[in-house]
Amino acid sequence: MDHAPTRSPRPDPDDLARSLHTPLDQITVEHADLIEAVRRRVVVGQSVPVPVAAFNSSI
Amino acid sequence: MLKVHSRCDLSCDHCYVYQHADQTWRGRPVRMPPATVRAAARRIAEHAREHQLPDVHVVLHGGEPLLLGAAGLREVLAELRATITPWTRLDLRMQTNGVLLDEELCQVLVDHDVRVGVSFDGDRAANDRHRVFAHGGSSHEQVRRALALLRRPAYRSSYAGILCTVDVRNDPDRVYEALLAESPPRVDLLLPHATWDHPPQRPGPGATPYADWLGRIHRRWVDDGQPGSIRLFEALRPGGGGTEAFGLAPADVLVVEADGTWEQVDSLKTAYHGAAGTGFDVFDHSVDEAAGHPGVAVRQDGVQGLCATCRACPVVDRCGGGLYAHRWRTGSGFDNPSVYCADLFRLIDSVDAYPGPAQAPPSEWSTASPLDDLLDDLATGHGSPQTVRRLADDQLAITRMLLAACREMSDSAAAWETLADLELTAPEAVRAVLEHPFVRPWLVHRLDPAARSDVGAAADPLPALAVAAAVRAGVPVTVDVPVRADAITVPTLGSLLLPGLGERAEVTVLPGGFRVRGGSADRTVLLDAGEPSAGWRPVRNVPAGRLLIEDGDPYRDCYGQPVAARLDDPAVQALGRTLVEAWRVVCRDVPAHAASLDGGLRVVVPLAPDPARPLRSATARHAFGAVAVTPHPDPETVAVLLVHEWQHAKLGAVLDRYDLVTPGQGTRITVPWRPDPRPPEGVLQGVYAHLAVTQVWRSRAATDNGDASAHAARFLAWTREGADALLASRSLTAAGERFVGQLRHALEETRVGSG
């Protein structure tokens with residue numbers, strides 16, 4: 001049995017590119033799934049520790 | 001594919017355009033007239049608009065496209081960019097023999113973001129077997145000079161790779177070594193065009209000489225750790241996705257000839273005279289009409305479009321029946337296996353039998369050439385400004401999605417409507433606001449369910465964003481804006497601190513400023529006044545640049561370490577001078593890194609001073625376009641910090657879209673630059689930053705007698721060890737392995753190329 005946590009699917013890059021051509025007032029209708037994918041990946045995902053959320057260098 | 005020039009300055013005897021069955025070039029104009037270029041560009045733009053295509057790939061082809069000259073080429077490229085880019089992302093390519101390439105032409109290509117494939121068959125003997133001038137003279141030196149030009153940092157972004165036509169009489173080892181010596185981002189190996197009517201040469205007793213020859217190169221390539229991309233081998237792997245020559249993907253290439261006629265893929269010229277014709281042209285027919293031609297339509301059917309022999313073959317999903325043109329036989333047409341069928345079958349067997357220790361598993365990434373291109377470009381260490389703009393576009397798209405998600409939580413319909421209206425009437429104003437690096441952290445904080453209920457819950461960002469966009473657009477609107485700690489932040493512009501405002505304020509945008517009324521307070525802020533209005537703390541610019549010093553936006557506090565409070569004017573001026581000088585230093589050291597910074601770095605955040613750690617810098621994953629640094633007076637030092645942190649910003653943007661590291665493995669890797677074992681993503685970030693810093697120190701070492709060489713050697717060793725540890729860890733996805741492999745190659749090139 002695989003106990004590895006499931007990662008939220010990433011937003012489709014082509015959908016992201018296409019969304020730039022959609023006016024804001026139509027985004028929620030035309031890209032509802034993409035909004036949810038981004039929200040899950042970017043917002044919910046951040047509560048999981050991301051190793052390099054803020055990478056501090058020491059040169 | 002646009003045939004912008006129908007003649008060539010070489011006279012290669014294996015050329016399918018002039019030397020094979022089709023001779024239609026004889027009746028076509030020498031160069032594509034401007035009106036034809038314009039009509040073709042309009043057809044492509046029309047198609048992209050109607051189908052909402054995210055990308056369109058246009059290849060300038062010939063004949064020899066460089067025969068247009070710099071001015072002619074510039075005209076064509078400008079027309080394509082101006083007509084098509086309003087509707088889609090335009091990926092411009094060129095296939096050339098390279099003979100005429102000089103610095104002026106390279107600059108035209110870089111200026112218009114064109115990536116160039118150069119036809120080159122390997123070592124001198126191999127290349128000159130076919131690729132000669134009409135008088136029989138060698139083209140080898142001219143082509144090598146062209147490849148050397150494309151390797152220069154200034155032009156590297158236009159170097160797409162090498163196209164090598166196979167001749168089994170050549171020594172495969174020498175060809176392989178000659179190709180690799182040119183450090184191409186990608187190599188493609190092309191089987192010479194042939195049909196059942198005119199089969200390929202098969203010298204010697206072997207039944208599959210092409211498989212044997214290519215198999216030898218494949219083995220060398222695998223044994224060498226796959227130093228760079230060889231498209232043919234990658235396409236033939238299970239799940240490799242294929243190319244025009246292999247696989248079952250629908251055909252997606254149309255050709256515009258110099259006279260404006262639509263044609264099918266031009267390799268069909270090898271089959272018979274007129275084989276590629278459609279009867280359509282760009283003046284009277286759309287892309288859809290041309291794509292509806294039966295010869296194109298049959299190639300949309302996948303395995304069902306193949307002959308019975310292919311449909312029954314166990315490797316049909318790999319070779320896809322081979323190149324369409326290679327199936328031709330008089331009588332049965334294209335309803336045959338490829339004339340290279342036996343070779344392809346054996347080659348696939350060879351590829352499977354010798355995967356090598358580093359072969360990546362099949363992956364979705366290996367099919368996505370735009371991703372490959374983007375990663376390959378970034379793996380040079382810097383990435384072109386155009387690639388950085390693509391990353392910025394991704395970030396903008398993500399921010400717009402987050403904005404839309406926030407709309408559901410907003411009680412200000414007016415703010416949303418203002419933003420939506422302004423995006424139609426003043427798109428640059430809205431874009432400038434949404435691209436501000438600290439808008440996304442604000443939106444994320446607002447949406448984060450973990451933060452929503454605590455005392456630090458974010459205020460609704462939409463009203464302030466609407467005000468910022470309206471001020472930038474000069475459009476009068478009135479919006480209710482939440483007040484936090486007696487302050488209103490207007491992203492990209494500044495913050496107003498006004499005691500007595502209460503919890504909400506009415507903000508009215510006026511010409512040149514805005515008026516704020518709330519609680520007992522009423523203040524008009526004029527942005528262009530000599531002295532800032534009382535309580536107004538404007539964001540300050542670095543002189544003579546687009547860079548902002550952001551020390552007021554509360555959401556800049558996203559670096560995991562304290563940010564500086566607002567600097568006084570002398571401190572800002574000093575930091576600005578240092579940044580300007582640091583920018584010049586980067587330009588002096590590695591111009592390509594300066595261009596990359598120019599492409600996307602917009603904001604610098606001062607970090608709080610800490611006597612124990614006076615020199616620090618940071619990047620935040622949610623704040624693309626910004627880096628944080630401790631104000632430091634030495635531009636040489638700050639230059640390194642900027643380059644280092646910008647690497648993290650770019651890679652963070654890539655990781656937003658693509659998985660380069662296999663998630664959930666829990667792997668830890670020992671690295672030379674830190675005592676604690678690091679997760680793979682941390683190592684990847686470190687390697688990418690250190691590659692850039694290596695390039696900076698190597699450049700300095702060329703003119704510096706001090707300790708630059710020692711710094712360069714240390715970062716080189718760190719980068720090499722980190723990259724090798726990553727590759728050995730088996731924690732990377734296929735895309736990640738490719739990226740680190742390319743990066744490793746760039747590192748060795750840095751080592752060799754900079755003294």
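Structure values in brief
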{"read-out": "Meets criteria (in contact with a helix residue (DSSP H, G or I) (Cβ under 9 Å, 6 or more places away or on another chain), farther than 19 Å from B:Val483 by Cβ and in a loop (DSSP other than H, G, I, E, B)) for B:Asp528", "value": "no"}
{"read-out": "Residue that is nearest to the other protein chains (Cβ to nearest Cβ) [pool: residues in the range B:656-714 that are of a type in the set (Ser, Thr, Tyr) and without any contact (Cβ under 8 Å) to a residue 40 or more places away in the chain]", "value": "B:Ser709"}
{"read-out": "Residue in the range B:685-697 that is assigned to a helix (DSSP H, G or I), assigned by TED's automatic domain parsing to the domain that holds B:Lys650 and touching a strand residue (DSSP E or B) at 6+ places or on another chain (Cβ under 6 Å) present", "value": "yes"}
{"read-out": "Output for the range A:37-55, where each listed residue is more than 7 Å from every other protein chain (Cβ to nearest Cβ) and either modelled with pLDDT under 85 or loosely packed, with under 15 Cβ neighbours inside 10 Å (or both)", "value": "A:Arg40, A:Arg41, A:Val44, A:Gly45, A:Val48, A:Pro49"}
{"read-out": "Selection count, the range B:25-54, where residues are surrounded by fewer than 20 Cβ atoms within 10 Å (Cβ to Cβ), in contact with a helix residue (DSSP H, G or I) (Cβ under 9 Å, 6 or more places away or on another chain) and not hydrophobic (A, V, I, L, M, F, W, C)", "value": "9"}
{"read-out": "Some residue of the range B:569-584 being assigned to a loop (DSSP other than H, G, I, E, B) and either within 14 Å of chain A (Cβ to nearest Cβ) or of a type outside the set (Gly, Ala, Ser) (or both)", "value": "no"}
{"read-out": "Test result for B:Gly518, open to solvent by less than 60 Å² (accessible area, probe 1.4 Å) and modelled with pLDDT under 95", "value": "yes"}
{"read-out": "Lone unmet requirement of (1) at pLDDT below 95; (2) of a type outside the set (S, T, N, Q); (3) part of a helix (DSSP H, G or I) for B:Gly666", "value": "(3)"}
{"read-out": "Complete set of residues in the range A:12-27 that are touching a residue at least 12 places away in the same chain (Cβ under 8 Å) and under 14 Å from B:Arg390 (Cβ atoms)", "value": "A:Leu16"}
{"read-out": "Residue that is modelled with the lowest pLDDT, among those in the range B:551-591 that are among the hydroxyl-bearing types (Ser, Thr, Tyr) and not assigned by TED's automatic domain parsing to the domain that holds B:Val693", "value": "B:Tyr559"}
{"read-out": "Listing of helices (runs of 4 or more DSSP H) fully contained in the range B:401-510 that carry 2 or more residues being of a type in the set (Asp, Glu), surrounded by 16 or more Cβ atoms within 10 Å (Cβ to Cβ) and within 14 Å of another protein chain (Cβ to nearest Cβ)", "value": "B:413-425"}
{"read-out": "Complete set of residues in the range B:368-422 that are touching a helix residue (DSSP H, G or I) at 6+ places or on another chain (Cβ under 7 Å), aliphatic (A, V, I, L, M) and in contact (Cβ under 8 Å) with a residue 60 or more places away in the chain", "value": "B:Leu371, B:Leu374, B:Leu375, B:Leu378, B:Ala379, B:Val388, B:Leu391, B:Ala392, B:Ile398, B:Leu403, B:Ala415"}
{"read-out": "Qualifying residue in the range B:557-574 (condition: under 24 Å from B:Ala594 (Cα atoms), open to solvent by less than 60 Å² (accessible area, probe 1.4 Å) and touching an Asp or Glu at 6+ places or on another chain (Cβ under 7 Å))", "value": "no"}
{"read-out": "Qualifying residue in the range B:600-613 (condition: open to solvent by 10 Å² or more (accessible area, probe 1.4 Å), touching a Pro at 6+ places or on another chain (Cβ under 9 Å) and either free of Cβ contacts under 8 Å to residues at least 12 places away in the same chain or of a type in the set (Gly, Ala, Ser) (or both))", "value": "yes"}
{"read-out": "Meets criteria (in the same structural domain as B:Ala148 (by TED's automatic domain parsing) and surrounded by 21 or more Cβ atoms within 10 Å (Cβ to Cβ)) for B:Leu189", "value": "yes"}
{"read-out": "Test set (1) more than 21 Å from B:Cys8 (Cα to Cα); (2) touching a residue at least 24 places away in the same chain (Cβ under 8 Å); (3) not β-branched (Val, Ile, Thr) - B:Pro205 fails condition number", "value": "(2)"}
{"read-out": "Unmet criterion (only one of (1) more than 9 Å from chain A (Cβ to nearest Cβ); (2) touching a residue at least 24 places away in the same chain (Cβ under 8 Å)) for B:His622", "value": "(1)"}
{"read-out": "Scope the range B:305-352; condition aliphatic (A, V, I, L, M) and either in a helix (DSSP H, G or I) or under 32 Å from the mean Cα position of the chain (by Cα) (or both); matching residues", "value": "B:Ala308, B:Val316, B:Leu323, B:Ala325, B:Ala342, B:Leu344, B:Leu347, B:Ile348, B:Val351"}
{"read-out": "Of residues in the range A:9-36 being open to solvent by 20 Å² or more (accessible area, probe 1.4 Å) and of a type in the set (A, V, I, L, M), the one modelled with the highest pLDDT", "value": "A:Leu20"}
{"read-out": "Residues that are of a type in the set (D, E, K, R) and in contact with a Ser or Thr (Cβ under 8 Å, 6 or more places away or on another chain), drawn from the range B:617-646", "value": "B:Asp634, B:Glu645"}
{"read-out": "Candidates B:Arg744, B:Arg698, filtered to the one that is modelled with pLDDT of 90 or more, within 26 Å of B:Ala653 (Cβ to Cβ) and either in contact with a Lys or Arg (Cβ under 8 Å, 6 or more places away or on another chain) or surrounded by 24 or more Cβ atoms within 10 Å (Cβ to Cβ) (or both)", "value": "B:Arg698"}
{"read-out": "Residue list for the range B:12-54, restricted to those being assigned to a loop (DSSP other than H, G, I, E, B) and within 14 Å of chain A (Cβ to nearest Cβ)", "value": "B:Gln52, B:Leu53, B:Pro54"}
{"read-out": "Test result for B:Val605, more than 14 Å from chain A (Cβ to nearest Cβ) and of a type in the set (Val, Ile, Thr)", "value": "no"}
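One line per residue, one yes/no per condition, for (1) outside any helix (DSSP H, G or I); (2) within 21 Å of B:Pro227 (Cα to Cα); (3) open to solvent by less than 40 Å² (accessible area, probe 1.4 Å):
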| site | (1), (2), (3) |
| --- | --- |
| B:Gln647 | no, no, yes |
| B:Gly652 | no, no, yes |
| B:Ala717 | no, yes, yes |
| B:Arg720 | no, yes, no |
| B:Ala723 | no, yes, yes |
| B:Glu737 | no, yes, yes |
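For every residue, the table says whether it meets (1) out of contact with any strand residue (DSSP E or B) (no Cβ under 8 Å at 6 or more places or on another chain); (2) free of Cβ contacts under 8 Å to residues at least 60 places away in the same chain; (3) closer than 27 Å to B:Val255 by Cα; (4) exposed (fewer than 14 other Cβ atoms within 10 Å of the Cβ).
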site	(1), (2), (3), (4)
B:Ala297	yes, yes, yes, yes
B:Cys307	yes, yes, yes, no
B:Ala312	yes, yes, no, yes
B:Val316	yes, no, yes, no
B:Gly320	yes, no, yes, no
B:His326	yes, no, yes, no
B:Pro337	yes, yes, yes, no
B:Ser350	yes, no, no, no
B:Ala353	yes, yes, no, yes
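The values are calculated or read from the model by the stated rules, or taken from the named source; none is laboratory data. Since the model is a prediction, treat every value here as computed from it, not as a measurement. Note that each Cβ is placed from the backbone with ideal geometry, even for glycine, and that neighbours are counted across all protein chains shown. Accessible surface is based on the protein model in full, side chains and every heavy atom, while ligands, DNA and RNA are left aside. Shrake-Rupley method; radii C 1.70, N 1.55, O 1.52, S 1.80 Å.
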